[in-house]
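Here the structure is laid out as structure tokens; the discussion comes afterwards.
Coordinate-derived values only; no laboratory data. Values in this document were obtained by computation on a predicted structure and should not be read as measured data. With ideal geometry, Cβ positions are generated from the backbone for all residues, glycine too; neighbour counts draw on all protein chains shown.
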Amino acid sequence: MLDQSTLKGRIIAATLRLAAERPWDDVLMKDIADAAAIDLAALRKEFPSKGAILGAFMRAVDDAVLSSAPKFTGAESPRDRLFDVVMARLDVLTPYKAALRHIAAARPFELELARRAMASQAWMLHAAGIRTDGLLGTSRVTGLASVYASVLQTWLHDDDPGSARTMAALDRRLKRGEQSMRTLSDVADGFDRVAAGVMRMAGCGRRDAHGPVAPSSPAETAPTPAI
């Protein structure tokens with residue numbers, strides 16, 4: 001997955017090799033530079049921190065998943081599509097499992113890394129053919145991030161070649177999330193209906209050439225769908 005013919009790829013690969021061998025907090029930027037056979041100045045030109053290296057790795061994982069995303073017929077449910085996409089992501093991560101165990105144990109946090117993680121989940125939803133726009137879309141991204149973080153912990157300690165525990169945990173979490181999304185969708189629909197009613201009561205319609213306010217037409221008062 002990592003193109004080690006590029007300097008960035010070499011640095012990311014070297015970082016993950018070191019992370020597989022020792023606790024993440026013990027991996028220093030100088031160690032990474034030495035492992036990649038470069039000096040610290042060259043490393044700094046590419047990455048300002050270990051978090052930035054992890055962010056680049058996450059983007060590479062995104063690219064690998066998106067370039068080989070499962071092909072769907074349209075008959076699958078959104079939950080089934082998400083299940084396949086998340087499992088495809090975990091398959092891509094499998095060669096780096098030892099490194100990820102150490103990284104996850106350290107719980108590194110940087111704001112930019114958190115943003116990158118949310119962007120990754122948005123792209124996983126895109127791969128599953130699920131919209132991410134509007135209030136519901138934002139909630140889907142946040143919800144999937146929570147599901148993924150939980151399932152990732154199961155996967156990191158699941159040594160079954162068939163990933164039975166991981167698949168069972170993912171199925172449970174997606175079912176729970178599906179129900180939450182239905183509830184939120186009902187709330188959003190209700191809010192749209194109330195807002196449209198308030199607008200009608202306030203007389204928000206067209207003003208004709210003679211001055212009176214004309215009632216709004218159904219097309220104008222109906223909630224505008226997201227583009």
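How much net charge surrounds Asp31 when only other residues with a Cβ under 15 Å from its Cβ are counted (Lys, Arg +1; Asp, Glu -1)? Neighbourhood net charge equals +1. Positive contributions from Lys and Arg (+1) and negative ones from Asp and Glu (-1), summed over other residues with Cβ under 14 Å from the Cβ of Ala117, come out at +2. Put in line by how crowded their Cβ is, counting other Cβ atoms within 10 Å and starting with the fewest, Lys50, Lys8, Lys30 read Lys30, Lys8, Lys50.
The calculated FRET efficiency for the pair Asp160 and Glu76, based on their C-beta separation and a Förster distance of 25 Å, comes to about 0.50. Distances between every pair of Cα atoms in the range 7-194, grouped in 10 Å steps from 0 to the bin holding the largest one, split as 9, 33, 33, 18, 7, 1, 0 percent.
Within a Cβ distance under 15 Å of Asp91, other residues only, what is the Lys/Arg minus Asp/Glu net charge? Net local charge, Asp91 excluded: -3. Computed on the range 1-88, with alpha-carbon pairs under 8 angstrom and 6+ residues apart, the relative contact order is 25 percent.
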